[in-house]
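A short worksheet on the structure shown next.
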Amino acid sequence: MTSETITAAASGAWQIGDLEVNRIGFGAMRLTQNGEAFAADAAPSDRGRAISVLRRAVELGVNHIDTAAFYFSPRRSANELINRALAPYPDDLVITTKVGPGRDPSGEWLPYATPQQLRGQVEENLRQLGRDHLDVVNLRIAGTGSIAERFGALAELRDAGLIRHLGISNVTPEHLAEAQAIAPVVCVQNPYGIGVRPEHDEFLRICGAQGVAFVPFFAIAGAGREAGASGADHDELLAVARAHEASAAQVRLAWTLHRGPHVLAIPGTGNPDHLVANVAAGALRLTQDELAILDRLHQGGAAV
């Protein structure tokens, strides 16, 4: 693949509510620290490089950025990097953020926000991003209990004009049904990729039937999950990559996009070369035979 000339438009587009985005977006989680893996104690990233990656992403047609106020490391905040790099924001740029969990100033995780605390989290995202409203806010869930009270609190903020659209993250089909009874849900953000959560296949289909965007995270990492790519890609996956003169990561992203027109990808990186390659993956078209091979690896659910 010749990556340099490919833009995010090659991945196609999808509507998140009334907002159209290219299906290859950008995840901001790894912007705040060195390396491709995310860890609270990692060294801070180079500020100038992070800003240049964000600006390059927009130049390459990325108009969907996923972030959160709890994406920070010593001396770096993803939201504030986005603000510094991209404000005043392009008219077509959609910034999606998450609330629910949080982190204290030392970086320790606070896994659960009360309905009352969610407004503070929304306001913190607004302040850091320099916005008067948030395009999309995902309620990030921990566990399988009811989300009605917390999602209802966000629906009230939507009615007040602080939020344009609502989504949910790390959830089940039951959560989606519960949330849809309260307010429209425009996206579901769950862990998913080749060999990662094959049990979510049906959930992905349900989202498509309802016109809800399905936005996987860890689509590149596979078995490595939060630690980044596992470095142990299956021989058959590598063979597909060689056939396209592409990387295994690009094949993983392409497979993800092939799962349905409503499936979006938000690969994150602080590396400018990886950014270009990730965007170019949106132009990779896999054959039916290749998809069948990758689907079998996916259903195996093992490290691939």
Problem - Yes/no for Thr67 being in contact with a helix residue (DSSP H, G or I) (Cβ under 7 Å, 6 or more places away or on another chain), under 17 Å from Arg158 (Cα atoms), of a type in the set (Ser, Thr, Tyr) and at pLDDT 95 or above - result: no
Completion exercise
Per the filter on the range 133-147, residues within 19 Å of Pro191 (Cα to Cα), touching a residue at least 12 places away in the same chain (Cβ under 8 Å) and assigned to a loop (DSSP other than H, G, I, E, B) are Ile141, Ala142, Thr144, Ile147
Exercise for the section: Could you tell me which residue of the range 95-154 is surrounded by the fewest Cβ atoms within 10 Å (Cβ to Cβ), considering only residues that are under 28 Å from Leu54 (Cα atoms) and of a type in the set (S, T, N, Q)? Expected result: Ser106
Handout entry: Out of Pro115, Pro88, Pro105, sole residue that is out of contact with any Leu (no Cβ under 7 Å at 6 or more places or on another chain), within 21 Å of Asp132 (Cα to Cα) and without any contact (Cβ under 8 Å) to a residue 24 or more places away in the chain
Key = Pro88
Completion exercise
Arg252 fails exactly one of (1) more than 24 Å from Arg55 (Cα to Cα); (2) crowded, with 23+ Cβ neighbours inside 10 Å; (3) at pLDDT below 95, namely (3)
Exercise for the section: Inspect the range 23-42 for any residue being at pLDDT 95 or above, polar (S, T, N, Q) and either surrounded by fewer than 24 Cβ atoms within 10 Å (Cβ to Cβ) or touching a His at 6+ places or on another chain (Cβ under 9 Å) (or both) and give the result as yes or no. Expected result: no
Exercise for the section: Could you run through the range 262-297 and say how many residues are in a loop (DSSP other than H, G, I, E, B), touching a residue at least 60 places away in the same chain (Cβ under 8 Å) and closer than 16 Å to Leu238 by Cβ? Expected result: 1
Exercise for the section: Would you be able to say whether some residue in the range 219-227 is within 30 Å of Gln33 (Cα to Cα), surrounded by 21 or more Cβ atoms within 10 Å (Cβ to Cβ) and at pLDDT 95 or above? Expected result: no
Fill in the blank from the handout: The residue from Leu275, Leu284, Leu294 that alone is modelled with pLDDT of 95 or more and within 16 Å of the chain's Cα centre (by Cα) is Leu275
Practice task
Could you run through the range 186-210 and say how many residues are closer than 15 Å to His175 by Cβ and in a strand (DSSP E or B)?
Solution key: 6
Exercise for the section: Taking the options Ala183, Ala219, name whichever one is in contact with a Ser or Thr (Cβ under 6 Å, 6 or more places away or on another chain), outside any strand (DSSP E or B) and within 30 Å of Ala87 (Cβ to Cβ). Expected result: Ala219
Practice task
Determine whether the range 155-165 contains at least one residue that is out of contact with any helix residue (DSSP H, G or I) (no Cβ under 9 Å at 6 or more places or on another chain), acidic (Asp, Glu) and either in a loop (DSSP other than H, G, I, E, B) or under 27 Å from Arg205 (Cα atoms) (or both).
Solution key: no
Exercise for the section: Within the range 229-244, identify whether any single residue is crowded, with 16+ Cβ neighbours inside 10 Å, of a type in the set (Val, Ile, Thr) and either modelled with pLDDT under 95 or part of a loop (DSSP other than H, G, I, E, B) (or both), and answer yes or no. Expected result: no
Completion exercise
With criteria (1) buried (at least 22 other Cβ atoms within 10 Å of the Cβ); (2) modelled with pLDDT of 95 or more, His258 comes up short on (1)
Handout entry: Residue tally, condition buried (at least 18 other Cβ atoms within 10 Å of the Cβ), within 19 Å of Arg197 (Cβ to Cβ) and of a type in the set (A, V, I, L, M), over the range 261-292
Key = 4
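The values are calculated or read from the model by the stated rules, or taken from the named source; none is laboratory data. These numbers were taken from a predicted model, which means no experiment stands behind them. Neighbour counts are summed over all protein chains in view; Cβ atoms, including those assigned to glycine, are modelled from backbone coordinates with ideal geometry.
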